[in-house]
Amino acid sequence: MNALTAVRETVDAPAANRRRAVLALARFEAGRLLLHPLVFTAAVVYSVWLLWPGGSPQESFPVLQDMDRETQIGLELIGLAALVGANGAVLRSRRHGTEAHFGTLVLRPWQRTCAHLLSLVPLVLLTAAVVAAQLVRALTRPGVVGHASVNELATGPALVLLFAVVGVLLGRVFRSSFAAPLAVVVVIALTFVFGVGASGAEGFRRLSPLAFDEGGMPLPSHLMGRPAGWHLLYLAGLVTLTGAGAVLVSGGRSAAVKATAFGALAVCSVGAVLQSLGPSDALRAAREEATDRPSSMQECHRRGPTTYCAFPEFTPWTDEWDTVVRGVRGLAPDGVKERRLYVRQRVFATDGPSGPGSGTRPAVPSGLHWAEDDRAAGTPDAIAAGTAWGGGEKEIALAAAVAHQLVMGHGPRASSAVMCDGRGVLVFWLATQATEHTEGGLHSILAHSFGGGASIPSPADGLSAGLVLRDHEYAVVRALLDRPRAEAGARVKAEWGQLTAEGVSTERAAELLGVKAPPLTDDDRQWGCQ
Amino acid sequence: MIRALVVALLAPTWRTLPWAPLAAGGTLGLALVGAPALLPLTLPPVVLVDLVRVAALSGALGAAFLLDDPAGHTTGAVPTPRLLRHSLRTALLLPLAAGWWVAVLAVARLAPASGAGLPYGALTVEAAALTACSVACAAGVLRWGGGTAAGSTAGPAVIVLSASLAAVPHRYRLFVAVDDPHWADVHRYGWAGLLAAAVCGWFAWSLQPTTRRPVSGGFGGRRAFGAAGSR
């Protein structure tokens with residue numbers, strides 16, 4: 001034995017050195033992870049998608065209690081990229097045949113695992129910054145309403161962390177790179193197939209890391225029933241359990257790690273059980289009341305002759321609604337335009353964990369006590385308004401309901417009112433002229449509808465009746481839209497009495513408005529007129 | 001000559017197929033489509049179609065490892081052309097993949113949803129195209145990246161490809177819903193075109209390059225065993 005081959009007696013480096021080595025490795029791996037082709041691409045694509053100009057007009061009127069969970073889906077994709085990236089980092093030394101060299105370094109395998117786990121922190125912080133930026137952007141929109149949930153906002157970064165930690169664990173359990181892509185497939189199946197489509201097993205659906213509740217209109221935040229806090233606890237338990245598992249598998253079998261794993265398992269189970277309990281009885285009762293008799297939960301604000309009643313969170317939209325209502329009123333003659341009108345916000349909240357998520361709902365307020373509730377609240381025959389706003393489609397839906405009220409003196413009675421007379425022409429024309437966006441809104445509705453005729457949906461997403469015209473009536477509307485607005489407006493004001501008389505035919509209305517009605521076709525006769 | 005070579009190579013190629021990834025991908029695919037029947041869980045037909053697609057992706061991921069050959073460095077120097085080696089591996093995979101796919105569709109039929117109405121033909125074209133892309137990608141990685149393990153790059157690449165095919169604007173989307181009016185066109189032109197392109201890519205990248213890049217160049221040169229591998 002000489003100085004070169006002598007075995008050093010201190011096999012373990014001092015703890016402080018080891019800690020520094022772990023941190024140095026973590027720093028290095030963190031940089032590699034951020035620049036991993038998949039992670040980098042996913043982050044760039046997601047950022048571009050977020051910053052892309054345009055988008056739906058409803059983005060200008062974000063509802064924070066919906067916006068918060070919409071931050072999660074994009075981050076799940078970054079998380080899946082991080083899963084593959086972290087897995088590749090753990091397996092890198094094996095892939096390149098340098099595993100043996102690590103035996104000469106100060107770090108044991110489990111300490112290297114700890115470094116890999118620590119290396120995920122910068123990416124998670126980065127995703128948290130992205131979520132914060134999304135929140136700030138939503139908050140600075142002029143039409144923002146509602147309340148964001150911190151738990152929902154934190155779920156996205158937690159997903160990224162969970163998936164990346166799973167990548168580390170897989171790298172320690174399976175010494176091959178095929179485990180990570182297959183894990184990605186499992187996650188995709190869990191979220192996009194079972195998480196979205198499975199009906200029945202609510203508790204099972206919530207076990208998926210990302211639980212969707214899509215499809216319905218936004219609800220007031222006090223009616224939201226998503227167990228976001230318990231789900232976050234469940235995710236935190238999973239993250240800790242997976243991380244502790246990775247350390248255990250790579251040889252760090254100390255009592256502290258084992259205790260952490262057991263504790264995490266307990267936390268995870270508690271979260272899983274509590275998140276599957278479903279909404280409380282009090283919440284169910286509140287939802288029924290909000291659906292059936294919303295007046296007790298709403299605030300009313302008067303703007304001129306119109307009173308707007310909405311859930312308190314949504315009252316900032318009152319002036320937006322009023323712009324549309326005043327637009328319709330301005331087209332009516334004196335004596336009509338001052339008529340008292342009431343607009344009341346409607347929700348359908350009695351279904352699913354956070355509202356109308358899973359399908360079944362009555363098409364129209366059958367069985368609801370709206371009329372009774374409206375009379376009791378002093379807002380008879382209130383026009384329905386929804387919980388989503390922004391863009392021509394929403395504006396023309398409200399405008400059409402207001403126009404119907406002014407022309408007919410009451411709201412639509414049937415689930416979908418087919419208007420086969422001159423009054424239908426008038427209602428549609430008024431609706432298209434209410435604001436500068438409404439005519440474009442009608443064209444965009446018609447662009448993605450099929451079948452004959454023209455329809456304008458309910459302003460409250462199917463909770464009240466939409467309006468339908470046959471091709472015969474819609475042709476007159478189109479002819480009228482080709483006329484100068486001022487001329488058509490003057491005729492409407494002058495002939496209002498005759499145009500709104502009961503039984504005025506489409507031909508007569510066309511004549512009064514100075515356009516021609518096409519002949520009635522067989523298709524037109526097929527419609528069941530109201 | 002070629003015939004004798006093929007016969008001689010069949011058994012060793014069969015033995016050296018990457019059984020673990022193939023089996024893992026196949027088993028996961030079967031488990032996914034079997035889950036609704038086992039749990040039981042009622043899925044709407046649209047979602048069941050998506051589930052079968054995810055199973056196809058799982059199988060395609062297994063196939064991404066098809067051309068992985070730990071002994072690839074030693075076969076680079078033999079006179080047997082790479083096209084023949086790749087063809088043999090692919091030919092051995094085909095009957096296995098076909099049998100597996102029939103099993104996936106059969107299991108999907110058992111799901112509580114209206115599985116009988118699954119568009120079997122269209123889904124088969126999708127699965128074939130995905131698998132072909134996967135193997136072509138692996139051939140491309142071997143051709144351009146060097147080394148012997150293409151799956152660790154080709155697998156994630158196939159996931160990225162599938163994600164982009166599902167996420168691009170509707171006009172260019174290949175993963176359309178089963179009730180989409182463009183369903184037939186997308187399969188007749190989009191998926192079939194992708195399948196044809198993948199087969200062409202596989203062929204082009206399986207050809208042995210006639211010129212060698214210098215050993216120090218390219219990103220294969222950084223690998224532990226150098227770039228003098230299976231080119």
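The charge dipole of segment A:15-214, taken about its Cα centre with unit charges on the Cβ of Lys, Arg, Asp and Glu (plus for the first two, minus for the last two), comes to roughly 1280 debye. Each Lys and Arg Cβ is given +1 and each Asp and Glu Cβ -1; about its Cα centre, chain B then shows a dipole of about 900 debye.
How big is the Cα convex hull of segment B:24-91 in projection, averaged over all directions, in nm²?
Numbers: hull surface 23.1 nm².
Over every viewing direction, the Cα hull of segment B:24-91 projects on average to 5.8 nm².
For segment B:200-205, the Karplus equation 6.51 cos²θ - 1.76 cosθ + 1.60, evaluated at θ = phi - 60°, returns couplings of 4, x, 4, 5, 4, 7 Hz by residue, with Gly and Pro reported as x. Taking every residue in B:39-45 and counting other chain Cβ atoms within 10 Å of its Cβ, the average works out to 5. Taking each DSSP H run with n ≥ 4 as -39500 (n - 2.57) and averaging over every residue of the protein assembly as shown yields -18500 deg cm²/dmol at 222 nm. Amide H to amide H, with H built 1.01 Å from N, residue A:344 comes under 5 Å of A:309, A:383, A:384, A:385, counting only residues 5 or more places away or on other chains. The protection proxy used here, the mean number of other Cβ atoms lying within 10 Å of each residue, ranks peptides B:32-42, A:233-243 as follows, highest first: A:233-243, B:32-42.
Here the average projected area of the convex hull drawn through the C-alpha atoms of segment B:2-209 stands at 11.9 nm². Convex hull volume of the C-alpha atoms in segment A:421-530, normalised per residue: 112 Å³.
Here segment A:99-236 is treated with +1 on each Lys and Arg Cβ and -1 on each Asp and Glu Cβ, and its dipole about the Cα centre works out to around 280 debye.
Seen from residue B:162, the other residues with C-beta closer than 14 Å to its C-beta sum to a net charge of 0, counting Lys and Arg as +1 and Asp and Glu as -1. Residues with beta-carbon under 13 Å from that of residue A:315, excluding residue A:315: net charge, scoring Lys, Arg +1 and Asp, Glu -1? Here the charged neighbours net out to -2.
The alpha-carbon of residue A:337 sits under 16 angstrom from the alpha-carbons of these aspartates and glutamates, leaving out residues fewer than 8 places away in its chain: A:322, A:495. When the alpha carbon gyration tensor of segment A:15-214 is reduced to an equivalent ellipsoid, the three semi-axes, largest first, read 35, 20, 14 Å. Taking Cα atoms only, the orientation of helix B:19-38 departs from the longest principal axis of chain B by about 0 degrees. If you add up the charges near residue B:137, with Lys and Arg at +1 and Asp and Glu at -1, over every other residue whose beta carbon is less than 14 angstrom from its beta carbon, what do you get? The answer is 0. Each residue of segment B:59-67 is assigned a 3J(HN,Hα), and the resulting list reads x, 5, 5, x, 5, 4, 8, 4, 8 Hz, derived from the Karplus form 6.51 cos²θ - 1.76 cosθ + 1.60 (θ = phi - 60°), x at Gly and Pro. Based on the reciprocal of the average 1/r between different C-alpha atoms, the Kirkwood radius for chain A equals 26.8 Å. Considering only the Cα atoms of segment B:89-170, their convex hull presents on average a projected area of 7.1 nm². Which shape class, rounded, prolate or oblate, goes with segment A:287-525 when its Cα gyration tensor gives a ≥ b ≥ c as root eigenvalues, a/c under 1.5 marks rounded, and past that a/b bigger than b/c marks prolate? It comes out prolate by the Cα gyration axes. DSSP assigns beta bridges within chain A; of those with both partners inside it, close to 40 percent run antiparallel.
For chain A, A:114, A:268 have no disulfide-compatible partner, since no other Cys C-beta lies under 4.7 Å from theirs. Counting Cβ atoms of other protein chains within 10 Å of each residue's Cβ and taking the mean over peptide A:172-181 gives 6. Roughly what angle does helix A:281-292 make with the longest principal axis of chain A, taking Cα atoms, 0 to 90 degrees, to the nearest 10? Taking the Cα atoms of chain A, the angle to A:281-292 is about 30 degrees.
What's the long-distance tail for segment B:99-144, i.e. % of Cα pairs beyond 14 Å? Of all Cα-Cα distances in segment B:99-144, 60 percent exceed 14 Å.
To the nearest ten degrees, helix B:82-109 and the longest principal axis of the Cα atoms of chain B are 20 degrees apart.
Legend: mean number of C-beta atoms from other chains within 10 angstrom of residue C-beta atoms, peptide A:30-41, equals 1. Bridging of residue A:493 to aspartates and glutamates at a Cα separation below 15 Å is possible for A:334, A:338, A:511, once same-chain residues fewer than 8 apart are set aside.
Largest to smallest in accessible area, the residues B:19, A:370, A:49 fall in the order A:49, B:19, A:370 (1.4 Å probe, all protein chains included). In segment B:79-194, taking the dipole from charged Cβ atoms about the Cα centre, the farthest positive-side position among B:175, B:152, B:191 is held by B:152.
The values are calculated or read from the model by the stated rules, or taken from the named source; none is laboratory data. Since the model is a prediction, treat every value here as computed from it, not as a measurement. Positions of Cβ are backbone-derived with ideal geometry, glycine not excepted, and every protein chain shown enters the neighbour counts. The accessibility values were calculated without ligands, DNA or RNA, using every heavy atom of the protein model including side chains. Shrake-Rupley method; radii C 1.70, N 1.55, O 1.52, S 1.80 Å.
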